[in-house]
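Input: a single structure, listed below in structure tokens.
The values are calculated or read from the model by the stated rules, or taken from the named source; none is laboratory data. Keep in mind that this is a model prediction, so the values were computed, not measured. Note: ideal-geometry Cβ built from the backbone for every residue, glycine included; neighbour counts use all protein chains shown.
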């Protein structure tokens, strides 16, 4: 049987409406946007600009503030490395958190080897940073604060508006990795005081291989150093031939989310609540993350006495789940996100992430409850403490 898919935080299936909009740009409108001397390039360029407007509309920003990239990882690198190089005269200090995505953490570690000073903020047991600790960490040579909007493992939402207000008052740039949130909940950089922000198409029913970086153009205007050179594409910020079909698909995905996001979130929140209430009735189960401040579709639960690999093996023919981030799924180490929250190692190793999505139906929730209860019960029956 085909497993029920509950790993939407890892990636989403391409919406059929997105696929249909992309198809002509592989064969019929295949021009290179950089050519600009004939109709094939004009058609491609027009499609890219329409997609840029759709993304800008979803975020409530100006279209010229959106730079297309190959994905959110590149966007994170471009933002953090670009600020570090551009504002080196002011300082070398960057503030982040211990629960960021590896695209941010590994980039910060790489910059440390180039002379950056990085402060890694703690989070509380719910995964939320302490606002006062953030402000206290800002120094005269601080150039950037980078805090994600929604955590990819727990779905926890950080107090982004408060962070933005502090950064504006202290005249420090604020980069936000909003990859898990864009298209799922309202995200408006201007209202939140965000100066740079990353997002990705494949997390919101668009194609893989395309993302974007928002760069504020006023109040203040943000400048970054380009990391790819070669043709001056994307306002001389990101060189390289544009992935026109992917960008078209990204734009369509944004347009769909703009119209359907609110209703979709209501449905998924109800599903998440039902799933969570049922699974947390299992003896020895516990919620990882904040009980209120979370994405509507992400649920992370630990099952004491077991480990994630056991559970995933018991479920692998029925449910498509993960133990955490797709980018760290091959690691044998417990989740660094849960460890930073103070979760005991045995519970970190026993965590499962359920992430729901557009094509989740009520029957999937019932099936997941039955299968997890069955798997946990069967595995626990083999343990003396639970048997």
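One residue alone among 98, 109 is surrounded by 15 or more Cβ atoms within 10 Å (Cβ to Cβ) and either over 16 Å from residue 174 (Cβ atoms) or without any contact (Cβ under 8 Å) to a residue 40 or more places away in the chain (or both), and that residue is 98. Just one of the listed residues (74, 49) is assigned to a helix (DSSP H, G or I), out of contact with any helix residue (DSSP H, G or I) (no Cβ under 6 Å at 6 or more places or on another chain) and surrounded by fewer than 19 Cβ atoms within 10 Å (Cβ to Cβ), namely 49.
Close contacts from region 67-83, counting a first residue that is at pLDDT below 95 and a second that is surrounded by fewer than 24 Cβ atoms within 10 Å (Cβ to Cβ) and in a helix (DSSP H, G or I), with Cβ to Cβ under 6 Å and a gap of 6+ residues or different chains, come to none at all. Among the residues of region 260-285, those identified as in contact with a strand residue (DSSP E or B) (Cβ under 8 Å, 6 or more places away or on another chain), closer than 16 Å to residue 354 by Cα and surrounded by 15 or more Cβ atoms within 10 Å (Cβ to Cβ) are 265, 272, 275, 276, 279, 282, 285.
Among the residues of region 35-46, not a single one is within 26 Å of the chain's Cα centre (by Cα) and in the same structural domain as residue 211 (by TED's automatic domain parsing).
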